[in-house]
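Values quoted throughout were computed directly from the atomic coordinates according to the rules given, and no laboratory measurement underlies them. Being a predicted model, the structure only gives us computed values, none of them experimental. Glycine also receives a Cβ, built like all others from the backbone with ideal geometry; neighbour counts cover every protein chain displayed.
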Amino acid sequence: MFFFIFISSIYTRVFFLYFFFFLFTNCQKEFIVIKYTIEDVIILFKTLIEINGRLGTFLWGYPMIVTLFLGGLYLIFRSRFWVYRNFFYIFSQTFGKPSANNGSTDTSISPFQAVSTALAGTIGAGSIIGVSTAIEFGGPGSIFWMWMAALVCMTTKMCEVSLAVATREIDGEGKFVGGPMYYISKGAKKPILAKLFAFFSVIAILGTGGLVQANSISESINDMCGLSLRTSGILIVVLMLMVLVGGIKRIGAFAEKIVPFMALFYVAGSILIIFLQRKYLLDALYLIVSDAFSGKSMLGGACGSGVLMSIRWGLARGIFSNEAGLGTAPMAHASSHTDHPIRQGMWGAVEVFVSSLVICTMTALVIITSGLWTDPNLSGASLTAAAFSKSLPMGRFIVSISLILFAFTTAVSWCYYGQRSVFYLSKSDKASSLFKYVYIGFCYLGAIGGLKFAWNVADTANALMVIPNVVALILMAKSFYKLLRDFDYYKDTNKKGDYTWTYDNKWKSYFKD
């Protein structure tokens with residue numbers, strides 16, 4: 001344990017040294033432009049975009065993927081393969097016991113509402129567009145590596161959700177609040193990293209959750225029924241206000257109703273199309289596995305580089321689709337009414353399974369069985385829409401409706417994440433409430449097509465959220481394992497549950513400082 005933490009600490013320092021070296025060597029010209037043409041706002045703006053683009057490319061390159069993948073493997077070994085040893089037990093205690101997961105109070109939400117809120121934020125436009133992008137650049141084999149990322153990330157997501165519940169606090173209104181900021185600060189004893197995480201999460205949430213998702217909604221509505229972007233923007237603002245004004249309770253109630261419907265709608269539509277193209281299904285599955293070790297994308301390339309591209313895009317899109325290591329979903333889970341952190345953590349593992357191994361796999365099989373993935377004129381959403389429409393004329397409507405639902409629920413959930421981050425930084429309910437209206441304003445800008453460069457800014461901020469979060473998870477792996485042992489004793493002896501888990505009344509007694 002000590003050796004791995006030491007290596008992790010050294011790796012973090014090397015990472016940041018290389019990070020600044022990268023900025024110096026790759027962005028030197030841009031910084032010179034800023035120095036000598038500071039009066040030219042347009043050039044400055046373009047320069048900052050260029051710097052951010054290079055920075056984002058670096059951060060989401062191989063170092064980030066290796067960090068997330070190796071960090072996940074370490075948590076798997078440190079937990080002694082708990083998720084995989086208890087795989088069927090996890091599903092029996094989550095989806096297998098719906099009535100046991102519906103309890104809530106006036107100041108908390110039910111475990112199912114919490115996971116629905118988290119899934120609402122996880123199953124976004126990336127579940128449709130991200131998969132087609134992975135196939136475009138990494139070939140069908142990238143889906144195999146997406147599966148591998150999901151299997152690794154199940155433990156990572158369970159760890160961060162469990163720690164968020166174990167270290168949560170009670171705010172001035174008597175509600176549970178928690179997330180990576182709290183376990184980074186109080187559990188890992190890294191308050192500066194916690195503030196950095198909260199700061200970068202606000203930036204990422206305004207971009208990814210506000211601008212980008214709203215833009216996906218308005219463009220899908222415009223494509224489906226011709227409604228103008230401005231009208232779509234007003235509609236989005238009104239609907240967002242109706243949901244967000246009620247706080248986490250209304251968000252949870254909204255999510256538990258819409259998330260199961262939208263997931264089943266998309267999966268049912270995908271299964272129907274796969275059935276219509278069933279004669280290509282076995283070939284598609286064979287291609288996914290064989291191509292993972294040979295490499296063949298639209299863009300071509302040598303065999304060795306093709307395999308690396310397959311791994312790179314599969315892992316990157318897999319990790320991005322399930323948000324494991326990103327730290328956003330634990331903020332929703334921390335509000336749940338649960339009797340043990342591990343019980344809620346099991347829902348985190350289920351999230352990864354549903355988002356990556358079900359939703360993303362459906363998208364991939366539709367695209368590959370259609371044969372259109374080799375068409376260089378199709379990419380992103382257009383590739384997915386064309387694949388869905390090949391065997392079923394109404395297929396593009398399935399994609400459009402799903403995109404609207406996925407993007408809207410993501411936007412709603414991420415607003416709550418932003419409020420939690422703002423509250424942590426300011427300790428002010430007024431500031432948290434003000435952020436909600438700022439966020440809705442960003443949604444309108446995104447809907448009418450404003451500030452599209454924010455996608456790259458949000459990507460960079462997402463990466464800068466991952467670094468402190470994964471470091472904290474590694475540092476707290478021992479605490480996670482202790483929670484697992486406590487839960488094993490709890491379930492084996494039918495010990496009475498405790499619904500008051502917080503940092504003050506449980507964590508301090510379980511884990512001495």
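For the stretch 213-298, what is the charge dipole size about the Cα centre, in debye to the nearest 20, if Lys and Arg each add +1 at the Cβ and Asp and Glu each add -1 at the Cβ?
Charge dipole, the stretch 213-298, about its Cα centre: 220 debye, nearest 20.
Within the set LYS249/LYS478; LYS190/LYS478; LYS190/LYS482, which residue pairs have Cα atoms separated by over 27 Å?
Too far apart for the 27 Å limit: LYS249/LYS478.
Suppose every K and R has +1 on its Cβ and every D and E has -1 on its Cβ; what is the size of the dipole of the stretch 137-266 about the Cα centre, in Debye to the nearest 20?
400 debye
Looking at the square roots a ≥ b ≥ c of the eigenvalues of the Cα gyration tensor of the stretch 60-490, which shape do they give, rounded for a/c under 1.5, prolate if a/b is larger than b/c, or oblate?
oblate
Place +1 on the Cβ of every Lys and Arg and -1 on the Cβ of every Asp and Glu in the stretch 60-490, take the dipole about the Cα centre, and give the residue among THR156, ILE398, ALA477 whose Cα lies farthest towards its positive end.
In the stretch 60-490, that residue is ALA477.
What nm value, rounded to one decimal, do you get for the distance between LEU264 and LYS478 when each label is placed 7 Å out toward the C-beta?
It is 4.7 nm.
Based on Cβ point charges of +1 for Lys and Arg and -1 for Asp and Glu, what charge dipole magnitude is obtained for the stretch 60-490 about its Cα centre, in debye rounded to the nearest 20?
640 debye
Could you work out how much longer the chain between ASP283 and THR493 gets when fully extended? Use 0.36 nm per residue separation minus the Cα distance between them, nm to one decimal. It would help to have the intermediate numbers written out before the result.
Numbers: separation 210, 0.36 × 210 = 75.60 nm, distance 4.86 nm.
Full-extension gain reported as 70.7 nm.
Suppose R0 equals 56 Å. What FRET efficiency, 1/(1 + (r/R0)^6) with r the Cβ-Cβ distance, do ARG54 and SER92 give to the nearest 0.05? Don't skip to the end; give the middle numbers.
Working: r = 48 Å, r/R0 = 0.85.
After rounding to 0.05, the efficiency reads 0.70.
Between ALA431 and CYS225, 0.36 nm times their residue separation minus their Cα-Cα distance comes to what?
Contour length minus the Cα-Cα distance gives 70.4 nm.
Between PHE81 and SER290, how high is the FRET efficiency from 1/(1 + (r/R0)^6) when r is the Cβ-Cβ distance and R₀ = 35 Å? Nearest 0.05. Kindly include the intermediate steps, with their values, before the conclusion.
On the way: r = 28 Å, r/R0 = 0.80.
After rounding, the FRET efficiency stands at 0.80.
Identify, among ALA364, GLN419, ALA387, the residue whose Cα sits farthest towards the positive end of the charge dipole of the stretch 337-448, taking +1 on the Cβ of Lys and Arg and -1 on the Cβ of Asp and Glu, with the dipole about the Cα centre.
Among ALA364, GLN419, ALA387, the one farthest towards the positive end of the dipole of the stretch 337-448 is GLN419.
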